Each structure stands twice: as structure tokens, then as C-alpha cells.
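Reviewing the structure listed below.
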Amino acid sequence: MQWTCDFMNVSSNKIIFIIFLGLLFNLNFLTAFPVKSQNSSTNVDTLTTQQQAYLFVRGIERDEQPGFRPFYTLKKTVLFIPEQFSVGIKYASGYGVELLNNPKFINDLEYIFFTQDKSLGWYPTLSITSGLRPRIGVNFLIKHAPYQFVVKAKFADEEKYKTEARFSYFRKKQEKLFRLNIELLHEYDDDRKYYGFGANPRTDNRNQFINSNTAKYGYFFQEHTAFKIISGFKPVTQFSLFYTTAFEQRILKNPFEGGQRINSIFIPGSIPGMDCIFNHWTNEFSVRYNSQNENRYLSGGTFIETFVKISKGLGNDNNLSASTGITALKRFSVLQNNRILTPRFTIYSIKNLDAEHAIPFTEYPHHSEFRGVNDRTFLRLDNHLLIPSLQYSWPLSQNIGAHIFTDYLTSGYKWSKLSFNNAPWAAGFILDLHSVNEELANVKMIYGSEGWRFHAEIGVSLY
Amino acid sequence: MVLKAGAFMQKLESLYIKMKYNIYIILIPFIFLSCAQQSFQFADKEPVRYFNDIKPVPVPETVFKNRFDYYANVLPPRAMVSSFFIAPNNHARDVNSWDEVPASSWYIPRLGYNVITPDELVKGPSEFGPPVPPLVLIRIRKPESTPRLFIKDARGIHYLLKMDPREFPAIATATSLIVNRLFYGFGYNVPEDHLFYFQRNDILIDTTSNFNENELDNILSRVAYPQNGKYRSIASRIIEGLPMGPSPAKGVRKEDPNDLFPHEERRILRALRVFAAFTNMSEIGSDNLFDIYVGELNKGYVKHYLIDFDDAFGTNATRNNRLWAGFNHNFSMNDILLNLLTLGIVVQDWEKINYTPWPSVGSFEAVLFKPEKWKESHPFDPIQYSQPEDNYWAAKILSSISKEHIQALVKAAQYPEIEAAQYMIDTLLKRKTKVLQYYLNQVTPLEYVNMKNDTLTCIDLASKTLESNDSLYYHIEYYDSNDNVLNNEKSHIQVNNELVQIPVNKELLDKSNKYTRINISKLYNRELLPAVEFHIRNNKLVGIVH
């Protein structure tokens, strides 16, 4: 690549040549000439320079010279710029890590984000996903034991934002824990994707595509409001019980603009729940078993969680459905107790309890564990979902972890229809920054049947 | 200015055109034109034993006036990663003609130069003794895992009390005492630390302070439980003088005219590589170098101390579950890349460490310890710049520590468990042996004894210290003052004990114009070690270079 400094009328080749000569001269030629002591018996009281002091203490008349090293000179000169660039990057990242590991800096940072007694605080969040607009956010926290109040907000643009508020009450008696959360959620976005029902939506007769349009998915708009009460009880260390009751309202329709709107891909009115407002009351009961050490970020253990949920439409929405699911994973320690191999499978199932009324598509189980697509995509909807996954995690340093994984997603109208033929798959690599037991930031690079995906998230979890 | 720059560049361009085809003809001679390697030439004078750097100077500015100074001046050097960093091959500048460090405001020769009995080592810098109750509490350093109390005793002497964490009783206090005395023996200026037991009602709150009895009780509830009603602590006497703050790890303290050698080129600081490896003082850094202005204002001088030893012996690793302390830098791109590319399959040594059954010892061990691979948590310039001869000098001093010294220090530390004390003695001895085994054999470890009857007599320190019975083989070369080789044939000698005698005959001295350099290289593990140079002038030893 040629470039010139016009006002000097000198080409890049010549500039590089001049820089090369300069480096060659400065780095090594100047050391090729011997330094002789002018006076090796200088009285110590008259020493004013480093060189004088050195010659006096060393007791020398002539200093040592290492001589000229031609290949070392050449190597240093040729690699000077790449070396400085590499050192600069490592220096910047090293400085960042020094800051994070420095108690003084953490204290100063806490002064910015928290009051001294940590009863009031805030922190920013950032989420970047390929194919979506970046979302910046802020979380506020007010804490006065045993109560806590958190407000979270995320914003991408005036048509994509999310706010949550959560009030918590927490009680602990010996090993027993009880927690009550009251949550309010409002989100508003128009970049959700819908692919249709079944493993092959184009051939599944539950989907009615507009023939002239061959696109695989359409965007839809959702305004979602929810009010939830969640109670959790931990009678013993490894077992937890949860009960959730929630009222939710969703408004689903065509997005305001864009070529690939859902009503231009699917025949309007053919998607259950689309272009309407529906209200639901759900009740969910779940049980969790977790034997992982909560004070260590990477450690072995078993995790099993199962739930049962009943969802009933309210007012003019007369649908009734029951869903259930189970997530099971086992963290095996390989070689060392912080090299973890985790096979996991997740099963979801839904049953329509009122055959006369279709279940809105947003009520179908969502494959949030499948990492081949972002969480705004409804890739495979069906009565049954199976998401097997295998992940290997290991530490890179005290605060940085690495993970490689592969996920599959299968769905079917019946259990017997589940198949891995043409099932979406994804494989990826994750780097995360974590504290002793919590993730603070992560970067994901994923490739799969749905293409490349990049995701970065920053948001210190301080509570 | 633009026009002048343009004219200058035009001239360079015409030079480039002229040189373009002759560049190789011009460069090749430069590349192969060698300024010949040149050795030292020593003057005929006695080695400097004492360097007077305590001349009266004005009070220098205190460094790190505010937090910004700390982030701008202390942290950036720590972030230096050593992946591509290769220290320049610079000899230390504070060494004399016999390759020793003269006494100064940094260093007082003790072990290795004077006989220090175990009792003297245990006594260490003690001058005023431990605090005398009642103790008036003046200030509490910001409550941390191991809070520190500033107190004044009944004699009006100020001390800093440091206690142990609750989970690891005695770990910090025992470590502080032993390592303080070790570094005293190595020659550093250290504060006067004492193992001190006190009762809760020995402490009175100063009326001018802004805390109360409840706050003190709250702090004491976080430290190790009292034994027999007494809290265990290290009482560190506050050094009298004007605190100047940490000493810079690189360069000099600009406002101190006595500070004439860049700190990264001081052997006394470079030697910390060996001493810190021996004691696993992984958090060594500029925070441990403390300068105090002593004497009357503008008539005093800056004295340099080494402080804060309670992170040694893996204490920091134990308390914070950072078992890699001493094995890796806190941030090492090389290690991250290695772990990334090998998917964590390579299990590092520190991952195999187990905690000992004694909380006062924690994870301190000698089995996995490799002195050549020891690393400080934050790259520290003097350690990064250390050369084999600096490490050899430090190992030489370390070799003067005997089993009796270590036993006396461990006994003085009063470990709560007898087995813990014995374990510490064994571990320290093993670590010492490993350090000496490695660092005494990085250069030819010959020490001058005398020169009589045309014979230069030396002692092989490695062989003597490590009690080796192997035959020792040395390769010898003779040079004159212009670095011309004097002996036509390569000479070598073989000895069966640590005493090595090198012939230096009159003919050689005449041939060399009265200045002879004798290079002696030891054969070790089938390789010749870097030579030690003995410079002889007028039949007298005038210089030694390792």
C-alpha cells in the first residue's frame, strides 16, 4: 500500500527507509563505542553524576563493552514496531487486570457505584449481539436488610427497551432460606424473529406462508407487561422450592417498519396470538437440586430443575395450557477440579388443555438454552423440545475463564417425532471475566446452522 | 516550518536515491564492523567498602500525594508483562571492584561478611523492645482482613500492631517475625518488629480519636481468637523520621541527590529475586521499599527500608486462595495463551498444592518450589533486571544461614503447633537448598581466598555449601589488558575438594604488561558456566567479576 505525505512529496518507501535507518542507528550503533573513565579516583564527596558514582564504586579505569551483535541488532530493528504494538496491547490489558485486582481501586470504584454502607448503588450494563442493536442499561439497588429493591433498565432505541423492578424480602435461619420477590416487567421491542412451528416450518401444515415470499422468518413487535410474585424456600443446602404466580399481558403485531415483517411472510391471522392483545395468569411450581459449590465459579456438581406450569387466558382469552420441563446437568471434574465437562439436556413440553382455543405462539416453550440464536428468536416452536448440550470449561487465569460448547435443538409435535435430522446446531467459544463466584462480563463467538453469531455482555453483578 | 521540513525531506530523498543501490555496500561493513568486546580494567586501589550516600540533603518531596499519583506511577510499572521483556544485560552499578555491595543507606553487610549468631539474628534490629502497656490507641488503619492499630506505649514510643486473620491464627505474625529477621540478616534496613501479646484492657482509646470502644471491639472480633485472654500481634516500631513514601522501583528518587544509582540497577534490590523466592514473598514490590528522611530538616538524608513481610511464606496465597502466588505473575499473557491453546490440559505446579493441616502454615511448601521459575505477583523492575551474578551474590549471603539460625527464628515465632514449627524448619531448609543448588551454579562460583607464591587460591562456594563430593573441573584462560589471549593452549585443572589453586606465574604477568585477567569457567552438567574473572595488576588482585 502506497501513501505519500503530499506536502513533503516523499513516498512511503522512503519514509520507512528513513525510520529503519534511524532505528538501526539509535538502537545499537551508539553502544558500539567504548566509555573510558576520566578519573577513577574521584573523591566520593564530589560525585554528582550517576556515571561518576558508578566508576568510583566499581573502581574501574575502563568500563566493559559487550561489543556489537549484528543479528540481535537486525532482529531488534525489524521487530521494533510489531514488538511495541504487542507490548502496548499486553500492557493495556495488564494494567486493566492490575486495576481489577487492586483493593484501592476496587474501593475507589465502589465509592463511585455505592454509598459507603453499600445500601444504595448503581452500575451500568452493556450488551452487544450481532444482528441486533447494542443495548445499554443501568441497574439501581437499594438495600436494607432483609429488604432489597432493584430497578433495571435496558435501552437500544425508542422501539426497543426493557425495564424491570424487583422488590425482595430475604430471611435466613440456620441452613434454611426463604425469599419473596415481587417483580414488575415492561418490555417493548420490534426485532423479534419468528420461524414458524415444527422442525421444518416450510413443510409443516401448521404454518401458512405467503407463497410469494421465500423468507425463513418474519419480525414481529411485542409489548410485554408482567407482574410476578415468586417465593423460594431452601429447606436444606442443596434443595430449593419455588412457586411463581404471574399476570402477563402481551401485545403482538407487525413491527412499525422493515421489509421482513411477519405479516408479509405468514398469512395474517394464521399465527395464534398474533395481532392481538392477550392476558394470562400463570402458576408455576419448580424444584431444584444443586450440589455445586456456590463459592467457586468452576466446580463439580449436579444440577436438576423441574417445573410444572399452568397458564390460563383471562377475559376474552380462553386458552388453557400446561407445560412442564426438566433441566439436568452434571459437572464432571476432569484432570483438576476446575476443569469441568458438563453434559446437559433440557426438555420442555406443552399441552393444550382446551382444544377449542389455540395457545398463543409466545406461550410455547422457548429454547433459551440453545445458543445458536439470540434470545429474541423463536427458531423452533413445538409441543416438545429437547436441547442437549456439551460444554468444557477451564480457567485461563484467576479471573478469566474459557468455555467451548456444542448445542443441539430438536423439536417435535410428538415425542416420537423428535429427530436430529437437520436439527439446528451451534458450537462456540466463550471467554468470561468473573469474580470468585459470579460472572462479570463475557464474550461469545458462535457458529452453527444459523450462521455466525457474536455476543458481548458487560455488567458487574454486585448482588 | 512546513517548508523547512519539506526541504529536509527532499535532501533525505536525494540521499535515499544515492544510497539506494549502494545501501548494501554501506550496510554490510556496518553490520560486520565489530567494536570489539572489551572487558573491565580495574584501577590499582582497595575495593570500596562503604559508599557515603548520607550526605545532608534538603527534604525531598513525598511521592504519591494523591490517589491519581498512585494510579499513574505505581500501577503502570506493575502492568509490565514480561512476555517479550528481556532485561538489558546491564551489570549492577552499586558493586565494588570485588563484585560486592558496599555498605550504604541501603545495605549493611551482615550475613556472609560477619559472624551473626542465631541469638543475634533473633534479636535483629531490636533497640527499644516490644511495647510497654498501657497502650493508647491513636488510629485504626482502614479495617481490612487484618486490621492494623497505631498505638503509643507507656514510654511514648509509637508502634503499629498487626494481627492474624481469624481463619489462620499465627500465620501473619509468625511470618512477619521470621522474615523480618531474615532480611535483617541479609543486610537490609528493616523496622523493629516484635512478637507481642496484649489483653483487651491494655488498650485505651485516645481522647482525640474519632472512634470508640465498640468499634475497637468490633475490629478485634475479626482477628484471631485470643489465647489465654491475650491477642497475638506483631508490634512494629514506627521508624523515626519523615516518611517519604515508597521508593520508585525504576530510576532514582529525583529530589534526592544521594540517590545515584537507578534502582533497577542496584544489586541490593536485584538480590530480592533470590531472597523473595526463598521466603516466597510474592507480593514484593515498590510498596515494600520505604524511604524515611532521618536527621534534622535539610541536614538529614534519606534512608531506605524494606517493610511489610507478612505476605511472605505464601501467607497472601493462603488467605486469599491464590495458590499461584510465587508461580505466576498475577497477569501473564503467556500463561493465558498457554492455557487457552492447551484447553487447560497442562496442569500447572501450583494447582497441585495442598494446604497443610496447620492454619499457621497454610500452603507454604518446598516440594513443588522451583527457584528458577519463581515469579513475583507483579513484575518488579529490579527483579526483572537481575543478572546471574546478582543472584549469585544473594545466594552467597543465603548460604550463611544455618540450620541453627532457622531453628532459632522458628522458635522465636512461637508457632501454636509443635509439628507446624518442625515443618517450617524442614521446609525452609529444603527451599534454601534448592535456591543454592540453582543460583550458585549459574556462574562459576569461585570465591577469592588469597594470592601467594604465584598461586591464586579460590574456594568453590557451591561445592562447599552443598557438600558435594564430585570432582570439579575448571577451564582457564589468561588475557592481557587489551583482551589478547596469553596462553596458547587451553588449560584446565581438576580438583577433588572445594579448594582451587590457579598458577599465576611471573612470565605471564610480564607478557601481559603487568595486567592479567584470568577467566575461570566451571564445568557443570556438561556445560561451561559463565566465567569468573580475576583481574591482577602488579601481582595484586584488583578486581573480580562474576
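The values are calculated or read from the model by the stated rules, or taken from the named source; none is laboratory data. Please read these numbers as outputs of a predicted model, since none were measured by experiment. As a convention, Cβ positions derive from the backbone with ideal geometry for all residues, glycine included, and neighbour counts pool all protein chains shown. Note: areas computed on protein heavy atoms with side chains; ligands, DNA, RNA excluded. Shrake-Rupley method; radii C 1.70, N 1.55, O 1.52, S 1.80 Å.
Find the centroid of the Cα atoms in the stretch B:459-530 and in the stretch B:102-172, then give the distance between the two in whole Å. The distance from the Cα centre of the stretch B:459-530 to that of the stretch B:102-172 comes to 46 Å. Across the stretch B:113-121, rounded Karplus estimates of 3J(HN,Hα) from the backbone phi angles (6.51 cos²θ - 1.76 cosθ + 1.60, θ = phi - 60°) give 10, 10, 7, 10, 6, x, 5, 5, 5 Hz, Gly and Pro being marked x. Legend: mean number of C-beta atoms from other chains within 10 angstrom of residue C-beta atoms, peptide A:395-403, equals 5.
Residues whose amide H falls under 5 Å from that of B:Val252, counting only those 5 or more places apart or on a different chain, are B:His263, with hydrogens built in the peptide plane. Note on the stretch B:455-546: Lys pairs 8 or more places apart or on different chains, Cα atoms under 16 Å apart, count 6. Which one, B:Phe331, B:Ala276, B:Val302, projects farthest toward the positive side of the charge dipole computed for the stretch B:262-344 from Cβ point charges (K/R +1, D/E -1)? Ranked along the dipole, the leading option is B:Ala276.
A compact globular protein would have a Cα radius of gyration near 2.2 N^0.38 Å; the ratio found for chain B is 1.12.
Could you tally up the Lys pairs in the stretch B:138-283 with alpha carbons closer than 24 Å? Skip any pair fewer than 8 positions apart unless they're on separate chains.
6
Per-residue packing, averaged as other Cβ atoms within 10 Å, sorts the ranges A:240-250, B:400-410 into the order B:400-410, A:240-250, beginning with the highest.
Taking a ≥ b ≥ c as the square roots of the eigenvalues of the alpha-carbon gyration tensor, the stretch B:196-322 is classed oblate because a/c is 1.5 or more while a/b is no larger than b/c.
Dipole size of the protein assembly as shown about its Cα centre, with +1 on Lys/Arg Cβ and -1 on Asp/Glu Cβ: approximately 1420 debye, rounded to the nearest 20. When the C-alpha to C-alpha distance is required to be over 30 Å, the pairs from A:Lys162/A:Lys312; A:Lys193/A:Lys228; A:Lys234/B:Lys352 that qualify are A:Lys234/B:Lys352. 3J(HN,Hα) along the stretch B:480-486, derived from phi through the Karplus expression 6.51 cos²θ - 1.76 cosθ + 1.60 where θ = phi - 60°, amounts to 9, 5, 9, 6, 8, 6, 9 Hz, with x in place of Gly and Pro.
Where the centre of each part is set by its Cα atoms, how far does the stretch A:268-320 sit from the stretch A:225-252, in angstrom? Going from one Cα centre to the other spans 9 Å. Of the solvent-accessible surface of the protein assembly as shown, computed with a 1.4 Å probe and all protein chains present, 57% belongs to carbon and sulfur.
To the nearest ten degrees, helix B:418-439 and the longest principal axis of the Cα atoms of chain B are 20 degrees apart.
A cut-off of 5 Å between modelled amide H atoms, ignoring neighbours fewer than 5 places along the same chain, links B:Ala170 with B:Asp164.
Highest-first packing order for the peptide set B:221-227, B:387-393 is B:387-393, B:221-227, based on the mean count of other beta carbon atoms within 10 Å. Can you tell me the 0 to 90 degree angle between the C-alpha axis of helix B:23-32 and the longest principal axis of chain B, rounded to 10? Taking Cα atoms only, the helix is inclined about 70 degrees. Taking Cβ atoms as reference points and 10 Å as the exclusive limit, the residues near A:Gly198 contribute a net charge of +2, counting Lys and Arg as +1 and Asp and Glu as -1.
Leaving ligands and nucleic acids aside, the A/B contact buries around 6700 square angstrom of accessible area in total at a 1.4 Å probe radius.
Loop-located GluC sites (Glu not before Pro) across the stretch A:251-327 with a Cβ neighbour count of 15 or fewer within 10 Å are A:Glu257, A:Glu294, with loop assigned by DSSP. The spacing between the stretch B:197-229 and the stretch B:295-364, judged by their C-alpha centroids, is 30 Å. Looking at the protein assembly as shown, what % of its DSSP beta bridges pair antiparallel, to the nearest 5? Taking every DSSP beta bridge within the protein assembly as shown, about 95 percent pair in antiparallel fashion.
On average, how much accessible surface per residue is there in the protein assembly as shown, in Å², for a 1.4 Å probe, leaving out ligands, DNA and RNA?
48 Å²
Beyond 30 Å in Cα-Cα separation lie the following of the pairs B:Lys303/B:Lys403; B:Lys370/B:Lys452; B:Lys45/B:Lys452; A:Lys152/A:Lys216; B:Lys123/B:Lys434; A:Lys75/B:Lys432: B:Lys303/B:Lys403; B:Lys370/B:Lys452; A:Lys152/A:Lys216; A:Lys75/B:Lys432. Here the 3J(HN,Hα) profile of the stretch A:277-290, calculated from phi with Karplus coefficients 6.51, -1.76 and 1.60 at θ = phi - 60°, is 10, 10, 10, 9, 10, 10, 10, 9, 10, 9, 10, 10, 10, 9 Hz, Gly and Pro shown as x.
Per residue of peptide B:43-53, the mean number of Cβ atoms on other chains within 10 Å of the residue Cβ is 4. The mean number of partner chain beta-carbon atoms within 10 angstrom of a residue's beta-carbon across peptide B:326-333 is 5.
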